[in-house]
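A.B. asks: Next up is a structure, given as structure tokens.
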Amino acid sequence: MNRRSFLTSTAATAVVAASGLPARAADPLKVGFIYVGPVGDMGWSYQHDQARLAAQQEYGDRIVTSYIENVPEGPDAERALTQLALQGNQLIFATSFGFMDATVNVAKKFPNVKFEHATGYKQAENLATYDARFYEGRAIQGTIAGRMTKTNKIGYIGSFPIPEVVQGINAVYIHAKKVNPDVEIKVVWAYTWFDPAKEADAAAALIAEGCDFVLQHTDSTAPQAKAQEAGNVFTFGQASDMIAFAPKPRVSSTIDHWDPYYIKRIGEALDGTWKPEATWGGIGTGMVGIGEISDAVPAEVKEEALALKDRIASGEYHPFTGPLKKQDGSEWLAEGATPEDGELAGMNFFVEGVSGELPK
Amino acid sequence: MIIGGIDIITLISMLMVASTPVLLAATGELVAEKSGVLNLGVEGMMITGAVAGFATAVSTGSPVLGFVGGALAGAAMAMLFAILTQVFLSNQTATGLALTLFGLGLSALIGKPFEGVRPPATGKVPFGPLSDIPVLGRILFSHDWVVYLSLLLVAVTWAFLKFTRAGLILRAVGENHDAAHALGYRVIAVRCAALAFGGALAGLGGAYLSLIRVPQWTEGMTAGAGWIALAIVVFASWRPERALIGAYLFGGITALQLQLQAAGYAIPVHLLSMAPYVLTIVVLVLLSVVHRRGVQAAPAALGRSFHAAS
């Protein structure tokens, strides 16, 4: 071995050692989550937790995940997020709209920690947002409900009057109206994401008002249980498939698939390419899944719904396509026009035909 | 019968179902407070009853056994409180709050395997042709048996406190435990019995929530119902018949506001949600005004520990 070859091999060894070092010596990446309900809600928080487990599976001992459940929206969220940051989590997912300001505040305090906030619209250097186009799923639900309703009344349990929920109500109404001009939609605001007793009462109130479809924007399966008890009332699984209630009352569902997103983002954090972005995935990207349409739905309606799903997925059709007017009768979208994402993300009005006032 | 776009009959029958959990819990707490013990752990006993009732019903397939299990679990929690406050003379307020926190945690632990499980259904009581009577049939004869049990328990509690010797002793213990003790009544035993009754009813109320009103088990599902029950006892100025009014009023507010919304009314939801607590404060003020004229509503020994030697 001459001197040159010795130097080369030493250098090579050094390079290998240096590049290999972080992978071997680095501690696993700690990833934290906060949930608005219990992981056992079988809906929203359950689905986020399933995605967390999928990410854990994917990366094995390269990451350590933890979560705090039942975090109330408001000041307590700040405490929970701070706790996760102090425990050394380098990537933290805040999974409810109401965590927005708390996440912004805590992200400011921990500039070296990466934050991700679901369904919000405030970003920062270390704060990304991600959301799913749930309204695409609602368009399909509206089509099925509009075709199948006997009473021409569709009930909708709203959680809070925020853009995501308003989009859902509008999308259901527009598509139900398209296939059934006599249809009307009744909205009840529960002012909670998770309160089984209240959700059950809200479902019962809508059923008593003659609704034979009860759509929920809350997280528990209580409305499903109530609809089942009532008999000829149909529902859709919300956030999770809620397949335990199929084929009736649950006739289909909108499933939130967070797993690909969590796997991608955690991977980016691991290899250092993570950037604060705003992601808004839909049926096309696989973030919004449509659960099996059950046999309680007539075959031709099922076919129509699936065709609509394909057109939305391919980008051929946007659920908000003009001509559309606002509730007060003013023009919103001209013939064939579709809204910008920014406008959609801040939707704060009902479309023409939805009865009732949108609480401010 | 539809008034102002609202089906009154449906509203009343929904209201009765929505109010039953708090009615049961309030009636139980009222008896405990009449004996002179303030148990702030109602929420904890309710949620323990909810999970125990659910678990029993699912395991055995019998809703009736579920309710028995819920009541027993509530009573067991109350006995824990009784041992701490009556035997070891711990502070009732602090112990009650601890019982609530303990119950919430314990129920979440027990309930994990029961999340997403469906309980066996409890049917309506078959009244035959009676339930076909217009108006009254729907209101009075269209419920499950627990609704009737809750009404019966209010009547029994009222009669017990007003007419029976045992009820008189219980009230004596609550008004002046030293005098009752001097007369030879066993103050601690009476209070333990009253607490157990209170716990059993709170547990029954919780089981009603998880087995009938929702029906499913989810963590933290009582969502403050226990605190409403405590407010109702004060609102009722410690009278069972008024507790019935209070429970139907307070429990009904949720059902009412949702029903109003469904009927298309724009209503101030937040104002209605705080109404029970505002009304309770108003009642407290009124009571203290009456109190100055020499009438007392609260049991005189409420919240005071008893020790035979002191």
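Please treat every number below as a calculation from the coordinates, not as lab data. Because the structure is a prediction, the values reported are computed rather than measured. Here the Cβ positions follow ideal geometry from the backbone for every residue, glycine too, while neighbour counts run over all protein chains shown.
A.B. asks: How many angstrom lie between the C-alpha centres of the stretch B:223-282 and the stretch A:258-321?
C.D. replies: 42
A.B. asks: Summarise the partner chain shielding of A:343-351 as one whole number: the mean count of Cβ atoms from other chains within 10 Å of each residue's Cβ.
C.D. replies: Counting Cβ atoms of other protein chains within 10 Å of each residue's Cβ and averaging gives 0.
A.B. asks: Which residue fluctuates most in the GNM of chain B (Cα springs below 10 Å): B:Phe88, B:Phe197, B:Phe114?
C.D. replies: B:Phe88
A.B. asks: Give the average, rounded to an integer, of partner chain Cβ atoms located within 10 angstrom of each Cβ in A:203-216.
C.D. replies: Per residue, the average neighbour count from other chains is 4.
A.B. asks: Taking a 30 Å limit on the Cα-Cα distance, which of the listed pairs A:Lys177/A:Lys248; A:Lys309/A:Lys360; A:Lys153/A:Lys302; A:Lys226/B:Lys112 fall beyond it?
C.D. replies: A:Lys309/A:Lys360
A.B. asks: Using a Gaussian network model of chain B whose springs link C-alpha atoms within less than 10 Å, name the residue from B:Ser210, B:Ser62, B:Ser19 with the highest mean-square fluctuation.
C.D. replies: Comparing B:Ser210, B:Ser62, B:Ser19 in a Gaussian network model of chain B, the most mobile one is B:Ser62.
A.B. asks: Now for a separate question. In whole Hz, with x marking every Gly and Pro, tabulate ³J(HN,Hα) for the stretch B:210-215 from phi via Karplus 6.51 cos²θ - 1.76 cosθ + 1.60, θ = phi - 60°.
C.D. replies: 7, 9, 10, 5, 7, x
A.B. asks: Shifting gears a bit: Calculate, in nm to one decimal, what A:Thr151 and A:Glu229 gain on full extension: separation in residues at 0.36 nm each, minus their alpha carbon distance.
C.D. replies: Fully extending the segment from A:Thr151 to A:Glu229 adds 26.3 nm.
A.B. asks: Between B:Ala297 and A:Glu292, how many nm apart are label points set 7 Å from Cα along the C-beta direction?
C.D. replies: 5.7
A.B. asks: With springs connecting C-alpha atoms under 10 Å apart, model chain A as a Gaussian network and identify which of A:His117, A:His318, A:His257 has the largest mean-square fluctuation.
C.D. replies: The residue that fluctuates most here is A:His318.
A.B. asks: Under 21 Å from the Cα of A:Lys30, which lysines turn up, not counting those fewer than eight places away in the same chain?
C.D. replies: Partners found: A:Lys108, A:Lys109, A:Lys114, A:Lys264, A:Lys275.
A.B. asks: Could you give the nm distance between label points at A:Leu306 and A:Glu340, where each point is 7 Å from its Cα heading toward the beta carbon?
C.D. replies: Here the modelled spin labels are 3.9 nm apart.
A.B. asks: Quick one: order A:Asp310, B:Asp7 by neighbouring beta-carbon count within 10 Å, fewest to most.
C.D. replies: A:Asp310, B:Asp7
A.B. asks: Now for a different question. If we count every other residue with Cβ under 13 angstrom of B:Trp217's Cβ, Lys/Arg +1 and Asp/Glu -1, where does the sum land?
C.D. replies: 0
A.B. asks: State the Kirkwood hydrodynamic radius of the protein assembly as shown in Å, one decimal place, computed from all pairs of distinct Cα atoms.
C.D. replies: Result for the protein assembly as shown, one decimal place: 27.3 Å.
A.B. asks: Please give, to one decimal in nm, the separation of the simple spin-label points placed at B:Leu109 and A:Lys326, each 7 Å out from Cα toward the Cβ.
C.D. replies: Result: 5.5 nm between the two label points.
A.B. asks: Please give the direction-averaged projected area of the C-alpha convex hull for chain A, in square nanometres with one decimal.
C.D. replies: Spelled out: convex hull of the Cα atoms, projected over all directions, averaged, 21.7 nm².
A.B. asks: Subtracting the Cα-Cα distance from 0.36 nm times the residue separation, let me have the gained length for B:Leu89 to B:Leu286 in nm, one decimal.
C.D. replies: Gain on extension, B:Leu89 to B:Leu286, equals 67.7 nm.
A.B. asks: Now for a different question. Convert each backbone phi in the stretch A:88-105 into a coupling constant with the Karplus relation 6.51 cos²θ - 1.76 cosθ + 1.60 (shift: θ = phi - 60°), then list the ³J(HN,Hα) values in order as whole Hz, x for Gly and Pro.
C.D. replies: Coupling constants for the stretch A:88-105: x, 5, 9, 9, 10, 9, 9, 9, 8, 3, x, 7, 4, 5, 4, 5, 4, 5 Hz.
A.B. asks: Is the shape of the stretch B:103-242 rounded, prolate or oblate, going by the alpha carbon gyration tensor and its root eigenvalues a ≥ b ≥ c, with a/c under 1.5 for rounded and a/b larger than b/c for prolate?
C.D. replies: oblate
A.B. asks: Also, I was wondering about something else. Which longest run of chain A has no exposed loop site in it, a site being GluC sites (Glu not before Pro) in a DSSP loop with at most 13 other beta carbons within 10 Å, and the site itself not part of the run?
C.D. replies: Longest gap between qualifying sites, sites excluded: A:126-276.
A.B. asks: Starting from the Cα-Cα distance between A:Leu86 and A:Ala299, subtract it from 0.36 nm times their residue separation and give me the gain in nm to one decimal.
C.D. replies: Between A:Leu86 and A:Ala299, full extension yields 71.2 nm more.
A.B. asks: As a test, work out the antiparallel percent of DSSP beta bridges whose residues both lie in the protein assembly as shown, rounded to the nearest 5.
C.D. replies: Bridges in the protein assembly as shown that DSSP calls antiparallel: roughly 20 percent.
A.B. asks: When you look at the Cβ of every residue in B:262-270, what mean number of other chain Cβ atoms sits within 10 Å?
C.D. replies: Counting Cβ atoms of other protein chains within 10 Å of each residue's Cβ and averaging gives 5.
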